[in-house]
1. Quick one: Kirkwood hydrodynamic radius for the range 42-186, alpha-carbon pairs, angstrom, one decimal?
2. Could you calculate the contour length gain from residue 30 to residue 17, that is, 0.36 nm times the residue separation minus the distance between their Cα atoms, to one decimal place in nm?
3. Rounded to the nearest 0.05, what FRET efficiency do residue 8 and residue 169 give with R0 = 35 Å and r taken as the Cβ-Cβ distance? Could you check?
4. Rank 150, 128, 97 by accessible area, highest first, at a 1.4 Å probe radius?
5. Report the relative contact order of the chain, percent, no decimals, based on alpha-carbon pairs under 8 angstrom and at least 6 residues apart.
6. Whole number in Å², please: accessible area per residue of the chain, 1.4 Å probe, ligands, DNA and RNA not counted.
7. What FRET efficiency do you get for residue 110 and residue 130 if R0 is 22 Å and r is their Cβ-Cβ distance, rounded to the nearest 0.05?
8. Compute the length gained on full extension between residue 1 and residue 119: take 0.36 nm times their separation in residues and subtract their Cα-Cα distance, giving the result in nm to one decimal.
Amino acid sequence: NRELLAILLGKGTKRQSALALADQLLRKAETLRGLAALDVEELREVKGIGLAKAAQIKAAMELARRMSLELGHRRMRIRHPSDVAQLMMDDLRDLDHEQFKLLMLDTKHRVIKMQTLSVGHLSGTLVHPRELFKAVIRRNSAAVILVHNHPSGDPEPSTDDIALTRRLVAGGKLLGIEVLDHVIIG
């Protein structure tokens with residue numbers, strides 16, 4: 001990890017090598033997941049990390065996250081809510097704002113596409129049935145699973161979550177698209 005991070009940094013400073021700088025970052029973050037969770041300002045607290053190097057680190061971490069997601073959901077078959085949680089946990093668990101995602105499935109409940117429908121704020125996000133079903137119809141999906149996170153960590157559905165789920169289930173019935181579940185990641 002140290003050497004890879006040093007290569008990413010390219011060069012150190014006048015007083016320390018890229019390896020020494022990588023060591024400082026890894027000590028601060030403790031783990032690679034911890035490094036990914038640091039924001040730009042926290043990265044810049046390390047002497048020798050400026051805006052450009054912080055942006056490089058954040059970009060590399062985001063690419064790794066996206067690659068992991070891409071590999072994780074490709075044609076995965078969903079049989080149980082725990083399959084959804086396993087698939088979506090890394091993407092949603094550490095966010096400080098709500099995101100609403102949609103898993104589009106084929107007739108055998110294999111993932112066709114995962115799409116972010118809405119990015120919200122600390123305690124909510126807006127999802128309109130028209131936008132949701134437009135994406136589903138475009139992909140010719142047979143079924144969908146709704147997924148969003150609660151930054152508070154509490155996965156209990158709110159009154160609004162329950163009402164939205166009921167609206168989307170009813171809309172799906174009209175269109176012949178099964179809404180299988182609404183999973184909330186805490």
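The values are calculated or read from the model by the stated rules, or taken from the named source; none is laboratory data. Because the structure is predicted, anything quoted here is derived from the model rather than measured. Because the Cβ atoms are built from the backbone with ideal geometry, glycine has one as well, and the counts that use them run over all protein chains shown. Surface areas here come from the heavy atoms of the whole protein model, side chains and all, with no ligands, DNA or RNA. Shrake-Rupley method; radii C 1.70, N 1.55, O 1.52, S 1.80 Å.
1. Numbers: mean 1/r = 0.0613 Å⁻¹.
Result for the range 42-186, one decimal place: 16.3 Å.
2. Gain in length upon complete extension: 2.7 nm.
3. Numbers: r = 46 Å, r/R0 = 1.30.
After rounding to 0.05, the efficiency reads 0.15.
4. Values: 150 20, 128 90, 97 45 Å².
Output order, biggest surface exposure first: 128, 97, 150.
5. Taking the mean separation of contacting Cα pairs over the length of the chain, I get 16 percent.
6. Here the per-residue accessible area is 59 Å².
7. Between residue 110 and residue 130 the formula returns 0.30.
8. 39.3 nm
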